[in-house]
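Report on the structure given below.
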There are 2 protein chains.
Amino acid sequence: MGATVTSRALAILGAFDGEHRSLSLTELARRAGLPLATAHRLVGELQRWGALAREPNGDYVIGRRIWQLGLLAPVQSGLRQAASPFLHDLYGTTLATVHLAVRDGLQVLYVERLAGHVSVPVVSRVGSRLPMHATGVGKVLLAYAPEEVRMEVLQNLTRITAYTVTQPARLLEQLRRVRAEGYSTTGEEMSLGACSVAVPVRSGDTVVAALGMVVPDLRRQLPRLVSALQVAAHGIGRTLTGDPSIQWK
Amino acid sequence: MGATVTSRALAILGAFDGEHRSLSLTELARRAGLPLATAHRLVGELQRWGALAREPNGDYVIGRRIWQLGLLAPVQSGLRQAASPFLHDLYGTTLATVHLAVRDGLQVLYVERLAGHVSVPVVSRVGSRLPMHATGVGKVLLAYAPEEVRMEVLQNLTRITAYTVTQPARLLEQLRRVRAEGYSTTGEEMSLGACSVAVPVRSGDTVVAALGMVVPDLRRQLPRLVSALQVAAHGIGRTLTGDPSIQWK
DNA sequence: TACTCTTCTTCCACTGAGCGGAAGGAGCAT
DNA sequence: ATGCTCCTTCCGCTCAGTGGAAGAAGAGTA
């Protein structure tokens with residue numbers, strides 16, 4: 001066990017996630033896999049610095065300092081800001097839930113989201129991750145990902161709904177079409193009752209993000225949605241070009 | 001020098017700020033006050049975990065993982081979300097730059113901001129900190145802060161513009177009036193050409209945040225602005241009550 | 001009030017993880 | 001070639017971090 005001090009401190013931070021926004025010391029220690037006394041000391045240091053804070057009841061939560069740091073991340077400052085006005089336009093003209101996502105390792109990371117009022121079950125949240133093979137934005141990012149990433153994702157196509165694509169050959173064929181046609185679609189592959197379209201966002205000639213939307217049904221309006229998405233994606237891309245702070249991987 | 005390993009890792013993260021979003025290893029080491037070799041090793045660990053990332057040119061930036069963690073902070077999840085619709089309303093009716101801020105130690109921390117089109121010099125940014133004695137939201141937060149905080153702030157009233165209040169007695173008198181009248185004002189105390197009004201946001205009977213706006217001139221419309229602010233602040237407070245994730249210090 | 005169970009905090013002697021000076025690249029300008 | 005700056009790796013010494021254990025502080029329960 002190569003347990004460096006830093007990795008332990010990070011393990012503590014890593015114990016927090018969307019379902020665990022506040023944790024008692026004991027839970028924290030257990031989730032981080034650390035002895036109680038060790039966790040106690042590290043947590044104290046993290047708190048003193050402002051990385052963690054305590055709620056009135058004594059539980060620990062992520063502190064303001066981490067929040068401030070997060071605002072400095074390129075994901076936040078570059079991509080999001082460039083995209084924000086286009087997402088609003090897109091939402092204005094289509095009234096659908098709009099998503100901006102990047103690839104992070106083998107998953108899709110949602111960077112921005114505008115939620116629509118239409119009652120479509122949407123699972124994503126800003127800052128959350130989902131598998132690549134079952135989402136519109138995921139398929140786009142996968143289509144343009146390095147070969148090795150694509151191969152690794154294909155190894156493990158977990159079924160989520162009855163419509164999730166789990167056969168590597170079929171997914172590969174779909175990805176080929178994404179590259180050929182410039183957009184991807186899904187039909188209830190992540191959650192029943194939700195379909196999606198997505199297009200790549202390019203900075204120069206690299207795909208840096210994917211822009212997508214979720215709607216109850218695609219059939220009727222697909223061409224309209226695709227072109228609206230492409231206009232927005234192109235706009236974002238133009239804003240980004242020249243801003244070197246958006247990196248791919 | 002009590003240099004724990006964790007504090008060194010945190011010093012590295014702390015080297016980033018609004019003016020230094022990307023740093024070379026050498027700069028990072030210097031700003032964190034660490035020997036190069038030490039910084040190198042720590043930075044490597046932080047990067048492996050996702051707390052830092054490298055730009056194409058090799059410089060380090062805050063990583064996605066920190067950004068994700070930041071989204072879990074109570075500042076972000078509770079207060080901001082509760083306030084968001086009210087801030088938009090407020091902006092819609094007044095067209096002024098609107099601010100939501102909390103106290104963090106002896107400073108004001110800006111949690112949310114809607115920038116107006118009016119040409120008023122505004123120094124705040126989301127995630128940035130400013131001194132309490134020279135801003136509208138700061139005076140509100142100071143007025144309702146624990147006695148000891150108030151005393152410590154009074155020790156050190158740095159002059160920023162010619163209009164900054166630097167006499168403890170005068171500021172104390174102003175704070176008394178804030179508590180009596182329920183709002184604070186500033187006139188070019190932080191930057192010339194900018195005035196501000198602010199009101200407290202209460203959850204139950206504790207003041208958890210301050211809501212303010214910046215305008216070129218206050219005279220004419222003060223009562224209208226104050227009442228708009230109070231309506232919004234009240235709305236935010238009502239949304240917050242029952243959400244225990246907003247703590248006061 | 002006394003007992004029990006859980007969670008948090010403090011202590012301290014042992015030891016191996018982290019330290020950092022120094023040497024070795026890598027890149028670039030002159 | 002030479003000098004410069006910045007990045008990466010190495011390795012033996014040592015002191016910071018470790019974690020078991022004991023004590024404190026609550027919160028039920030009887």
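Quick one: which of A:GLY58, A:GLY44 is open to solvent by less than 40 Å² (accessible area, probe 1.4 Å), facing chain B (nearest Cβ under 10 Å) and either assigned to a helix (DSSP H, G or I) or within 12 Å of DNA strand C (Cβ to nearest atom) (or both)?
After applying the criteria, what remains is A:GLY44.
Can you tell me which of A:ARG64, A:ARG30, A:ARG54 is under 25 Å from B:LEU109 (Cα atoms), within 16 Å of DNA strand D (Cβ to nearest atom), basic (Lys, Arg) and not assigned by TED's automatic domain parsing to the domain that holds A:VAL126?
Sole residue among the options that is under 25 Å from B:LEU109 (Cα atoms), within 16 Å of DNA strand D (Cβ to nearest atom), basic (Lys, Arg) and not assigned by TED's automatic domain parsing to the domain that holds A:VAL126: A:ARG54.
Taking the conditions exactly as written (assigned by TED's automatic domain parsing to the domain that holds B:LEU130 and more than 19 Å from A:TRP49 (Cβ to Cβ)), does B:LEU95 satisfy them or not?
Judged against the criteria, B:LEU95 is a match.
Considering each residue of the range B:1-37, count those that are within 11 Å of another protein chain (Cβ to nearest Cβ) and over 24 Å from B:LEU69 (Cα atoms), and give that number.
1
For the range A:61-72, what are the residues that are open to solvent by less than 10 Å² (accessible area, probe 1.4 Å) and in contact (Cβ under 8 Å) with a residue 12 or more places away in the chain?
Once the filter is applied, which keeps residues that are open to solvent by less than 10 Å² (accessible area, probe 1.4 Å) and in contact (Cβ under 8 Å) with a residue 12 or more places away in the chain, the range A:61-72 yields A:VAL61, A:ILE62, A:GLY63, A:ILE66.
Got a number for residues in the range A:21-32 being more than 9 Å from DNA strand C (Cβ to nearest atom) and open to solvent by 60 Å² or more (accessible area, probe 1.4 Å)?
The qualifying residues number 3.
Considering each residue of the range A:1-17, count those that are part of a loop (DSSP other than H, G, I, E, B) and either open to solvent by less than 30 Å² (accessible area, probe 1.4 Å) or near DNA strand C (Cβ under 7 Å from one of its atoms) (or both), and give that number. I'd like the intermediate steps shown before the answer.
Taking the range A:1-17 and keeping what is part of a loop (DSSP other than H, G, I, E, B), we get A:1-4, A:15-16.
When the remaining residues are screened for being either open to solvent by less than 30 Å² (accessible area, probe 1.4 Å) or near DNA strand C (Cβ under 7 Å from one of its atoms) (or both), the result is A:3-4, A:15-16.
Looking only at that region, the number is 4.
Does the range B:13-22 contain any residue that is among the acidic types (Asp, Glu), within 8 Å of DNA strand D (Cβ to nearest atom) and within 27 Å of the chain's Cα centre (by Cα)?
No: zero hits.
Does the range B:174-185 hold any residues that are part of a strand (DSSP E or B) and open to solvent by 10 Å² or more (accessible area, probe 1.4 Å), and which are they?
Initial filter on the range B:174-185 (part of a strand (DSSP E or B)): B:184-185.
Result: B:THR185, single match.
Is at least one residue of the range A:110-127 under 25 Å from A:LEU240 (Cα atoms), open to solvent by 70 Å² or more (accessible area, probe 1.4 Å) and part of a helix (DSSP H, G or I)?
No, the range A:110-127 contains no residue that is under 25 Å from A:LEU240 (Cα atoms), open to solvent by 70 Å² or more (accessible area, probe 1.4 Å) and part of a helix (DSSP H, G or I).
Any chance you could count how many residues in the range A:13-36 are acidic (Asp, Glu) and either in contact (Cβ under 8 Å) with a residue 24 or more places away in the chain or in contact with a Leu (Cβ under 8 Å, 6 or more places away or on another chain) (or both)? If you could, list the steps in order and put the result at the bottom.
Here is the first cut: in the range A:13-36, the ones acidic (Asp, Glu) are A:17, A:19, A:27.
Next cut, either in contact (Cβ under 8 Å) with a residue 24 or more places away in the chain or in contact with a Leu (Cβ under 8 Å, 6 or more places away or on another chain) (or both) only: A:17.
Residues flagged as acidic (Asp, Glu) and either in contact (Cβ under 8 Å) with a residue 24 or more places away in the chain or in contact with a Leu (Cβ under 8 Å, 6 or more places away or on another chain) (or both) within the range A:13-36 amount to 1.
Of all residues in the range B:92-109, which are out of contact with any Lys or Arg (no Cβ under 6 Å at 6 or more places or on another chain) and away from chain A (no Cβ under 14 Å)?
Correct list: B:GLY92, B:THR93, B:THR94, B:LEU95, B:ALA96, B:THR97, B:VAL98.
Read through the list (1) free of Cβ contacts under 8 Å to residues at least 40 places away in the same chain; (2) within 11 Å of chain B (Cβ to nearest Cβ); (3) crowded, with 22+ Cβ neighbours inside 10 Å; (4) over 30 Å from A:ARG224 (Cα atoms), then give the number of the only condition that A:VAL75 fails.
(4)
The values are calculated or read from the model by the stated rules, or taken from the named source; none is laboratory data. Since we're looking at a predicted model, the values are computed, not measured. Positions of Cβ are generated from backbone atoms using ideal geometry, with glycine treated the same way; all protein chains shown enter the neighbour counts. Keep in mind that these areas ignore ligands, DNA and RNA; they rest on the heavy atoms of the full protein, side chains included. Shrake-Rupley method; radii C 1.70, N 1.55, O 1.52, S 1.80 Å.
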